[in-house]
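A.B. asks: Sharing a structure here in structure tokens format.
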Amino acid sequence: MTTNRALSEWVDEVARLTRPENVHWCDGGEEEFQRLIDGMLADGTLYELNRESYPRCYLHRSDPSDVARVEHLTFICSENEADAGPNNHWMTPNEAHKKVDALFEGAMKGRTLYVIPYCMGPIQSSHARLGVEITDSPYVVANMKIMTRMGRQALDRIEAGEPFVRGLHSTGDLSPDHRLILHFPEERLIKSVGSGYGGNALLGKKCHALRIASWQARDEGWLAEHMLIVGIQNPEGKTRYIAAAFPSACGKTNLAMLIPPKAYPGWKIWTVGDDIAWLHVGDDGRLWAINPEAGYFGVVPGTNEKTNKNAYDTITKNTIFTNVAVTEDMEPWWEGKKTGKPVTDWQGRPYDPATASEPAAHPNSRFTVSAQQNPSYSEEAEAPEGVPISAIFFGGRRASLAPLIFEAKSWEHGVLIGAGMASEKTAAAAGKVGEVRRDPMAMKPFCGYNYGDYWRYWLSFARRAEHPPHIFHVNWFRKGADGKFLWPGFGENLRVLEWALERCEGHGDADETPIGFVPARGAIHLEGLDIDNQTMGKLLAVDDEAWYSEYEEIAEYFADYGERLPEKLEHERERVAGALNVAGDKASQA
Ligand code: OXD
Ligand code: MN
């Protein structure tokens with residue numbers, strides 16, 4: 001079904017191994033999509049939601065053991081262990097192929113093997129990259145149709161001779177004991193078995209657009225990052241673009257679709273992407289970003305008219321919901337939804353909110369929806385060159401320590417800030433929620449190679465890009481002594497972004513501290529917001545002693561990277577730690 005010999009030979013080889021009943025080459029058309037949906041409705045893979053209030057919306061209930069990414073079963077299988085680094089689980093390519101091929105043996109018996117050619121990035125863009133996923137899951141095909149430019153146009157580029165990443169996926173028997181998510185960066189190959197969950201199974205997303213792409217990007221001179229991309233238009237009509245890296249389930253989708261507060265008439269946010277950015281150096285020496293994805297695979301709980309009205313409105317039609325609860329009249333329901341009452345939980349069991357001890361929707365329940373349905377969708381998401389980035393934001397969930405915002409003093413300092421990131425764990429990955437863990441550049445689960453090499457590569461952009469973006473760190477999640485958030489967040493975050501954009505243009509009053517520039521008193525506009533000076537003081541406070549301890553922890557963390565750790569980064573850490581105002585004996589050890 002293709003003129004590309006390498007592709008047809010690979011499909012034949014996979015079919016010999018997995019022994020499917022049929023092979024279907026996806027064209028990416030609407031008819032094909034509808035046929036898949038009808039088939040899944042017929043066999044119970046999908047349930048139709050309320051046709052009037054949620055037209056063409058469907059619910060998928062996954063296996064209860066298969067609801068998140070599984071980092072302990074995710075491996076980088078590079079020839080050299082050191083190239084994968086301490087940040088990744090590693091297996092030799094030989095062992096990995098052997099193990100996983102045994103699981104693929106006959107795995108598609110009685111099933112259809114779908115071949116999905118896809119393009120990550122605008123179809124006309126030279127910065128886009130191609131992939132082909134083979135899967136036995138119609139749910140995966142339907143999600144890939146929403147999340148990527150999939151089908152004929154992508155195949156045309158492949159047939160014209162462009163290289164492509166190969167991804168082989170089977171849901172297998174869904175047993176966690178038979179689950180493996182393997183990446184072979186040198187072969188530009190992914191093999192994933194035993195899971196139907198988004199991040200493990202929609203191979204264009206985390207596996208290709210981050211793990212394999214980060215490796216490929218370093219070979220080719222660009223960056224693949226876990227970042228949203230938005231345009232911020234001011235009342236004068238000028239739009240500036242920012243990219244922001246926050247760990248999973250820390251509000252990237254909300255920030256990407258932000259609605260300006262009432263005190264900001266005439267401002268507008270344009271969403272280019274909510275999860276992944278591919279950045280390249282433009283002819284003008286700036287960093288330009290494309291969003292490789294075409295849809296959103298967002299966390300549902302907490303989404304309502306106040307937190308994210310754009311997402312709330314976006315997911316009222318043509319949406320696949322995974323692991324939400326349902327109401328009596330078959331509307332999807334999740335914690336934080338202000339209307340309706342769940343009668344059935346995410347596993348399909350009867351649910352009574354009055355007596356229930358667990359949430360009705362899974363905390364990592366998701367929506368899959370086309371980006372074009374978003375009221376704040378930016379047409380620039382289709383621009384082949386992407387958009388120029390003025391500022392990069394790093395951030396995470398930190399109940400204490402990190403101020404609302406601070407600005408790096410240089411590119412190198414910004415790389416240190418990104419490399420030193422930490423955040424409280426969320427439900428997007430299996431494991432204990434709430435623990436603080438190091439998550440440099442929000443890429444801990446996604447960087448396909450040794451972090452030491454990655455930071456060195458990031459540092460090299462000081463010379464690759466003549467006009468790199470300013471770098472900031474934000475923390476929307478700082479709490480007071482009463483355990484309550486100090487900052488209202490959501491739309492009000494625009495106030496913080498405005499200060500950052502002013503800084504990029506040489507304005508915006510700031511106080512210099514050892515960790516970076518923080519907004520001077522009054523520099524963040526607070527009109528129309530009920531927040532007192534004392535609270536702002538707490539939000540912006542820099543505690544030198546606490547930061548000193550943080551930088552000592554960062555030193556310990558960096559030490560794991562041994563000789564791969566760039567000296568420049570360690571010097572930068574020493575510079576910042578040494579400038580902190582702490583008791584004499586500590587300072588002399590810095
Ligand atoms: C995601 C994640 O799904 O980061 O985007 O887990
Ligand atoms: Mn993500």
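The values are calculated or read from the model by the stated rules, or taken from the named source; none is laboratory data. Not measured: the values here are computed from a predicted model. Heads up, the Cβs are rebuilt from the backbone with ideal geometry, glycines too, and the neighbour counts pull from every protein chain shown. Heavy atoms of the whole protein, side chains included, go into the accessibility calculation; ligands, DNA and RNA do not. Shrake-Rupley method; radii C 1.70, N 1.55, O 1.52, S 1.80 Å.
A.B. asks: Report relative contact order for segment 163-239 in percent, whole number only (criteria: Cα-Cα under 8 Å, sequence separation at least 6).
C.D. replies: Value for segment 163-239: 23 percent.
A.B. asks: Could you let me know the centre-to-centre spacing of segment 41-117 and segment 203-249, using Cα atoms, in angstrom?
C.D. replies: That distance is 23 Å.
A.B. asks: Here is a further query. What is the set of long-range amide H partners of VAL23 at a cut-off below 5 Å, with H atoms built 1.01 Å from backbone N?
C.D. replies: Amide H neighbours of VAL23: LEU113.
A.B. asks: If you keep only loop residues by DSSP, which GluC sites (Glu not before Pro) in segment 158-245 have at most 16 other Cβ atoms within 10 Å of their Cβ?
C.D. replies: When the GluC sites (Glu not before Pro) of segment 158-245 are filtered for loop state and at most 16 Cβ neighbours within 10 Å, GLU236 remain.
A.B. asks: For labels at HIS72 and GLU220 in the simple 7 Å Cα→Cβ model, what's the distance in nm?
C.D. replies: The modelled label-to-label distance comes out at 3.5 nm.
A.B. asks: Provide the FRET efficiency to the nearest 0.05 for the ASP530-ASN234 pair, computing r from the beta carbons and using R0 = 30 Å.
C.D. replies: The value I calculate is 0.80.
A.B. asks: Still on this model: May I ask you to list the GluC sites (Glu not before Pro) in segment 50-105 that are in a DSSP loop and have at most 15 other Cβ atoms within 10 Å of their Cβ?
C.D. replies: Working: sites: GLU52, GLU71, GLU79, GLU81, GLU95, GLU105; in loops: GLU52, GLU79, GLU105.
Loop-located and lightly packed - GLU52, GLU79, GLU105.
A.B. asks: Do any trypsin sites (Lys or Arg not before Pro) in segment 310-417 lie in a loop, going by DSSP, with at most 12 other beta-carbon atoms within 10 Å of their beta carbon, and if so which? Spell out each step's value before the answer.
C.D. replies: Values: sites: LYS317, LYS337, LYS338, ARG366, ARG397, ARG398, LYS409; in loops: LYS317, LYS337, LYS338, ARG397, ARG398, LYS409.
Answer by residue number: LYS338.
A.B. asks: Right, here's the next one. Would you tally the net charge around MET91, using a Cβ to Cβ cut-off of less than 12 Å, leaving MET91 out, and scoring K and R as +1, D and E as -1?
C.D. replies: 0
A.B. asks: So if each residue of separation counts as 0.36 nm, and I subtract the Cα-Cα distance between ASP511 and GLU105, what length gain in nm does that give? Please report the intermediate quantities before stating the final value.
C.D. replies: Working: separation 406, 0.36 × 406 = 146.16 nm, distance 6.21 nm.
Once the chain is fully extended between ASP511 and GLU105, it gains 139.9 nm.
A.B. asks: Semi-axes of the chain's equivalent ellipsoid from the Cα gyration tensor, sqrt of 5 times each eigenvalue, largest first, rounded to whole Å?
C.D. replies: Working: eigenvalues 286, 163, 106 Å².
The equivalent ellipsoid of the chain has semi-axes of 38, 29, 23 Å.
A.B. asks: Which of the residue pairs LYS317/LYS341; LYS206/LYS538; LYS99/LYS206; LYS145/LYS191; LYS191/LYS338; LYS238/LYS306 have a Cα-Cα distance greater than 30 Å in the structure shown? Before the final figure, lay out the partial values.
C.D. replies: Values: LYS317/LYS341 20 Å; LYS206/LYS538 36 Å; LYS99/LYS206 22 Å; LYS145/LYS191 20 Å; LYS191/LYS338 41 Å; LYS238/LYS306 26 Å.
Long pairs (Cα-Cα over 30 Å): LYS206/LYS538; LYS191/LYS338.
A.B. asks: For the chain, report the accessible area per residue in Å² (1.4 Å probe, heavy atoms, rounded to an integer). Mind dumping the intermediate values first?
C.D. replies: On the way: 22730 Å² over 590 residues.
Counting only protein heavy atoms, the per-residue value for the chain is 39 Å².
A.B. asks: 5 Å is the cut-off here: which amide hydrogens, built 1.01 Å from N in the peptide plane, fall below it relative to ARG397, excluding neighbours closer than 5 in sequence?
C.D. replies: Residues meeting the amide H criterion: GLU424.
A.B. asks: Considering the Cα positions of segment 251-351, please state its Rg to one decimal place and its Dmax as a whole number of Å.
C.D. replies: Computed over the Cα atoms of segment 251-351, radius of gyration and Dmax are 17.2, 59 Å.
A.B. asks: Starting at the first residue of segment 218-232, write each ³J(HN,Hα) from the Karplus equation 6.51 cos²θ - 1.76 cosθ + 1.60 with θ = phi - 60°, in whole Hz, x for Gly and Pro.
C.D. replies: Running phi through 6.51 cos²θ - 1.76 cosθ + 1.60 with θ = phi - 60° gives 5, 5, 9, x, 10, 10, 10, 10, 8, 9, 7, 9, 9, x, 10 Hz.
A.B. asks: Let me ask something additional. With θ set to phi - 60°, apply the Karplus curve 6.51 cos²θ - 1.76 cosθ + 1.60 along segment 383-397 and write out the HN-Hα couplings as whole Hz, x wherever there is a Gly or Pro.
C.D. replies: Result, ordered by residue: 5, x, 7, x, 10, x, 9, 8, 9, 10, 10, 10, x, x, 8 Hz.
A.B. asks: Now for a separate question. Expressed as a whole percentage, what fraction of the accessible surface of the chain belongs to carbon and sulfur atoms when a 1.4 Å probe is rolled over the protein heavy atoms?
C.D. replies: On the way: 10830 of 22730 Å².
Exposed carbon and sulfur together represent 48 percent of the surface.
A.B. asks: Enumerate the whole-percent occupancy of each 10 Å bin, from 0 to the last occupied one, for all C-alpha pair distances of segment 388-511.
C.D. replies: 12, 39, 36, 13, 1
A.B. asks: Right, another one. Rounded to the nearest 500, what is the 222 nm mean residue ellipticity of the chain from helices alone, with -39500 (n - 2.57) per DSSP H run of 4+ residues and division by all residues?
C.D. replies: For the chain, the value works out to -8000 deg cm²/dmol.
A.B. asks: Contact order normalised by length for segment 317-461, with contacts defined as Cα pairs under 8 Å and 6 or more residues apart; what percent is it?
C.D. replies: Working: 167 pairs, mean separation 22.5, N = 145.
Once normalised by length, the contact order is 16 percent.
A.B. asks: Just want to confirm a number: the relative contact order over segment 1-79, from Cα pairs under 8 angstrom separated by 6+ residues, in percent.
C.D. replies: Numbers: 28 pairs, mean separation 10.1, N = 79.
Relative contact order for segment 1-79 comes out at 13 percent.
A.B. asks: A further question on this structure: In nm, give the distance between the simple-model label positions of VAL23 and GLU186, each being 7 Å from the Cα along the Cα-to-Cβ direction.
C.D. replies: In this crude spin-label approximation the distance works out to 2.8 nm.
A.B. asks: For segment 152-262, report the translational diffusion coefficient in µm²/s to the nearest whole number, using Stokes-Einstein at 25 °C, 0.890 mPa s, and a Kirkwood Rh over Cα pairs. Don't skip to the end; give the middle numbers.
C.D. replies: Numbers: Rh = 16.7 Å.
Translational D for this selection: 147 µm²/s.
A.B. asks: Next question, about the same structure. Find, to one decimal place in angstroms, the Kirkwood hydrodynamic radius of segment 480-590, where the mean of 1/r is taken over every pair of different Cα atoms and then inverted.
C.D. replies: Values: mean 1/r = 0.0610 Å⁻¹.
One decimal place: 16.4 Å for the Kirkwood radius.
A.B. asks: What's the tally of Lys pairs in segment 387-525 whose alpha-carbon atoms lie under 22 angstrom apart, where the two lysines are 8 or more places apart or on different chains? Walk me through the numbers on the way to the answer.
C.D. replies: Details: LYS425/LYS444; LYS425/LYS479; LYS425/LYS484; LYS432/LYS444; LYS432/LYS479; LYS432/LYS484.
Count of close lysine pairs: 6.
A.B. asks: Treat every Asp and Glu Cβ in the chain as -1 and every Lys and Arg Cβ as +1, leave all other atoms uncharged, and give the resulting dipole magnitude about the Cα centre to the nearest 20 debye.
C.D. replies: Details: 62 positive and 84 negative charges, 129 e Å.
Roughly 620 debye, rounded to the nearest 20.
A.B. asks: Set Lys and Arg Cβ to +1 and Asp and Glu Cβ to -1, take the dipole of the chain about its Cα centre, and tell me which of ALA583, CYS57, ALA381 lies farthest positive.
C.D. replies: Of the listed residues, the answer is CYS57.
A.B. asks: Can you give me the three principal axis dimensions of segment 333-462 from its C-alpha atoms, in Å, biggest first?
C.D. replies: 57, 38, 30
A.B. asks: Would you tally the net charge around ASN475, using a Cβ to Cβ cut-off of less than 9 Å, leaving ASN475 out, and scoring K and R as +1, D and E as -1? The partial results should precede the final answer.
C.D. replies: Details: positive: ARG397, ARG398, ARG478; negative: none.
Around ASN475, the charge tally is +3.
A.B. asks: What residues have an amide H closer than 5 Å to that of LEU168, excluding those fewer than 5 places away on the same chain, when H is modeled at 1.01 Å from N in the peptide plane?
C.D. replies: Distant-sequence amide H within range of LEU168: ILE134, ILE190, LYS191, SER192.
A.B. asks: Related question: Using the per-residue mean of other Cβ atoms lying within 10 Å as a proxy for protection, in what order, highest first, do the peptides 381-393, 478-490 fall? Walk me through the intermediate numbers first.
C.D. replies: Details: 381-393: 21.0, 478-490: 13.8.
Packing proxy ranking, top to bottom: 381-393, 478-490.
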